[in-house]
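See structure below.
The values are calculated or read from the model by the stated rules, or taken from the named source; none is laboratory data. Since the structure is predicted, the reported quantities are computational estimates derived from the model, not experimental observations. Cβ placement follows ideal geometry from the backbone for every residue including glycine, while neighbour counts extend to all protein chains displayed. Heavy atoms of the whole protein, side chains included, go into the accessibility calculation; ligands, DNA and RNA do not. Shrake-Rupley method; radii C 1.70, N 1.55, O 1.52, S 1.80 Å.
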Amino acid sequence: MPMICLFVALAFGALHGEAETVVLKDVEFLPEGRNERMDVYLPDSSFEGPVPAILLIHGGGWMVGDKASRRERMIAETLSNAGYAVFSTNYLLNERDENKRVTLLAWPQNVIDCKTALRFIRAKAGEYGVDPERIAVMGGSAGGHLSMMVAATANEEKWNEQGLYPEEDNSVQCVVNLYGPADIRGKPVNPFSRSDKSVIEAHEEEASPITYFDSTFPPMLILQGTGDRTIPVEQTREWVAELSEFGFEYCYVEVAGAPHSFDLNPEELDLRPMVLAFLDKHLRGVGVGQ
């Protein structure tokens, strides 16, 4: 499967040129009183609208990170230059004391915030010139985990009745997961790290995207570095090996030697053609049947 992805990427990666992006910073999308914002990257007018959209969720161990971190800016600029509207979002983060014990657990509000961000895109589609029927979700590390949670719970009522814009659809057309864990059960890196053991045991099942996977899960591109010491490649291989049982389309690509936390152009391998080809296929219908 990785070889098929690479072939399609080589075939279509050259179609994208550079373009000027408009960036709208600190857009409000959550209820009054919340400080989290999103940055919106809009492609220039040379791209005929309405354009596809991508919800970009930052990483940072569910505790740090920002919508405007270098990795997120680089990803957003690459995608907007290729004609995608990118909504880079913040969400509630865990807080810890001086002993690194959790004093504020963001779960499950972090997922609810990301789902609200998705529905915001649909609610404001006309305002931003995007197609509400062509939206992807994407993120790295914790952002990859949250991206999978957003996609996996599209039809889970208990996850969709909270947050703003409840009348909007919760589905996405595809997922790009950069080294985010789909199964956090029994794993040291999870949204509840440094919480009481009882908290982890109570939530690790519902916080594992793989427990929601079925044939309706959208196509997913999974990118994983073999030199990753935070989310080891062996851990990712373990849950990827189970994906064929669910019956949805996926593509798993290992980047030889790459560590944790890379963008779309790590020194080990330029991933931009591959990622753009995947998005083009599922959001634009380019390359279908290749």
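For this structure, a couple of remarks:
- Within straight-line reach of K158, meaning a Cα separation under 17 Å, sit the following lysines at least 8 residues removed in sequence or on another chain: K115.
- Sorted largest first, the principal axis extents computed over the alpha-carbon atoms of the range 97-255 equal 45, 36, 25 Å.
- Span per principal axis, largest first, for the Cα atoms of the chain (Å): 52, 43, 35
- Loop chymotrypsin sites (Phe, Trp or Tyr not before Pro), the range 52-156, which have at most 12 other Cβ atoms in a 10 Å radius of their Cβ (DSSP): none
- GNM remark for the chain: springs join alpha carbons under 10 Å apart, and the peak mean-square fluctuation among C174, C251, C114 falls on C251.
- 5 Å-binned pair-distance histogram of the range 220-263 (Cα, whole percent): 6, 22, 33, 21, 12, 7
- With contacts taken as Cα pairs under 8 Å at a separation of at least 6 residues, the range 162-290 carries a relative contact order of 26 percent.
- Where labels lie 7 Å past Cα in the beta-carbon direction, separation of E161 and E234 in nm: 4.3 nm
- Residue with peak Gaussian network fluctuation, the chain [Cα springs, cutoff 10 Å], from N155, N99, N90: N99
- Computed over the range 232-290, the Cα gyration tensor eigenvalues convert (square root of 5λ each) into semi-axes of 22, 20, 7 Å, ordered from largest to smallest.
- The share of alpha-carbon pairs in the range 168-230 lying farther apart than 15 Å comes to 61%.
- The trypsin sites (Lys or Arg not before Pro) of the range 93-147 that meet both conditions, a loop assignment by DSSP and at most 12 other Cβ atoms within 10 Å of the site Cβ, are K100, R101.
- Share of carbon and sulfur in the accessible area of the chain stands at 48%, probe radius 1.4 Å.
- Among 70-78, 160-168, the order from most to least packed when residues are scored by Cβ within 10 Å on average: 70-78, 160-168
- Value of relative contact order over the range 79-196, rounded to a whole percent, pairs C-alpha under 8 Å and six or more apart: 27 percent
- Extension gain for D97 to S215 (0.36 nm times residue separation, less C-alpha to C-alpha distance): 38.3 nm.
- The range 233-290: GluC sites (Glu not before Pro) in DSSP loop, at most 10 other beta carbons within 10 Å: E267
- The chain, relative contact order in percent, only Cα pairs under 8 angstrom and at least six apart counted: 20 percent
- Heavy-atom accessible surface of the chain, averaged per residue, reaches 43 Å², computed with a 1.4 Å probe.
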